[in-house]
Every structure is written in structure tokens, then in C-alpha cells.
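In what follows, a structure is listed as C-alpha cells, so that the remarks can point back to it.
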Amino acid sequence: MRLMPLPSGGLRLRLDFDEAHLLDQLVGQLIELLRSHSGTALDPDPLFASLEIGGSDAPPDDPALARLFPDAYEGTQESSQFRRVTEQGLLNRKLQDALDVSGALGLGSIPGPDAEPSPVEVEVTEASLPAWVRTLTSLRLAIAARLGLEHEPDHARLSADEETRGTLLVYDWLAAIIDSLLRMAPGA
């Protein structure tokens, strides 16, 4: 991964093809996760749907979705009421952000066995930066939930475990991309 400032004020994110492909797969999985949640809850009322109002009464059972859509209040009743009004809008924004990042990556298929995969370059503008940061953060939250990464000591434990080490490296790689984007962003 390499990040270069552009004269326009944006950034050029250059990823090796394998990095871009991995990121595209992860974003695709996030999109599917979000779509799976959107199809289960939400108010069928067309007025509420157009206003992006709606949601479920309780946090999702899936730990990754629960991390992406946590309770806003400690009290069950207040959280339930807040979730019913805001969840669909939050879900739609996360979904649109992920679709924007996937579209920016522009990977439709893997090159054939004889083709040499070339690096992927993406322009991250001031306008698209928030979608990138929110999507990469959502990916990190979902991975952390799946791994059981909640506290600092969990990182060392998961790093020592052969089964989780690779996924943890991806989690850390996403953090490095976020850090680089924010550090090099215009006005940072």
C-alpha cells in the first residue's frame, strides 16, 4: 500500500493487485452482511422507508452486526426506541459507503492465469475520504467482533494463536490504511 498526495488536494491510494483484491472481497462481505440485516428488520411503511426511518427493537444477534449497530443507551426501552427510528438510516449510509469504496476499487474479475495483475490506483478525494474511513472502520469493527477482540490484551492473545493471526494482520493492515489516509488527508 502506498499513498501519494495529488495536486488536486486528493490522495492516490496504490494497492498491489492482491491487496486491492483482498480489500474488495472484505468490502463485498461487509455489503452482504449489511444487506442481510436490512432484509430482516425494518419498517415496511413507504413513508418511513423514504425517510430512512425504521429499525428493529433489539440489537442484532450476529456479533459483527451488534458491533456495527450498538445500543445508543443503557436502558433497554430507550435503546429500543432509538434503534427503531435510526437503524435503517445508519444501515443505508454504511451500505452506500461500502458500495462507493467497492466501486472506486473497480475490480470486476481476477485476471486470467497468463495475465500479470497490475497495481490498482484509486483517487481518494476530500469528498470520498469519509466513506473510505467509515467503511474501513466498519470492517475493523466486524473483524474485531468475529475474533473476540475487545481489549488491548486480546490483541497479543490473538496474535499468538495460529488460527487468528492472519485475520488479525488484516485487521492491523486496515488500521494502517486508515491512519495513512487520515495523516495525509488535506488539512490533517
Please order V170, V101, V120 by the number of other Cβ within 10 Å, starting at the fewest. V170, V120, V101
Computed [θ] at 222 nm, deg cm²/dmol, the chain (DSSP H ≥ 4; -39,500 (n - 2.57); rounded to nearest 500): -20500 deg cm²/dmol
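Checking understanding here: applying a Kyte-Doolittle mean of at least -1.0 and a length along the axis of at least 18 Å (C-alpha), which whole DSSP H helices in the chain pass? Write down the numbers at each step before the final one.
Working: long enough: 17-38 (31 Å, 0.10); 76-105 (41 Å, -0.66); 129-147 (27 Å, 0.88); 162-184 (34 Å, 0.43).
Counting only whole DSSP H runs, the qualifying helices are 17-38, 76-105, 129-147, 162-184.
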With every atom except the alpha carbons ignored, what do you get for Rg and Dmax of the chain, in angstroms? 18.2, 59
Between D154 and R12, what is the FRET efficiency for a Förster distance of 25 Å, r being their Cβ-Cβ separation, to the nearest 0.05? 0.15
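No value in this document is a laboratory result; all are computed from the given coordinates. This is a predicted model, so every value here is computed, not measured. Cβ sites come from the backbone with ideal geometry, for glycine too, and all protein chains shown count toward neighbours.
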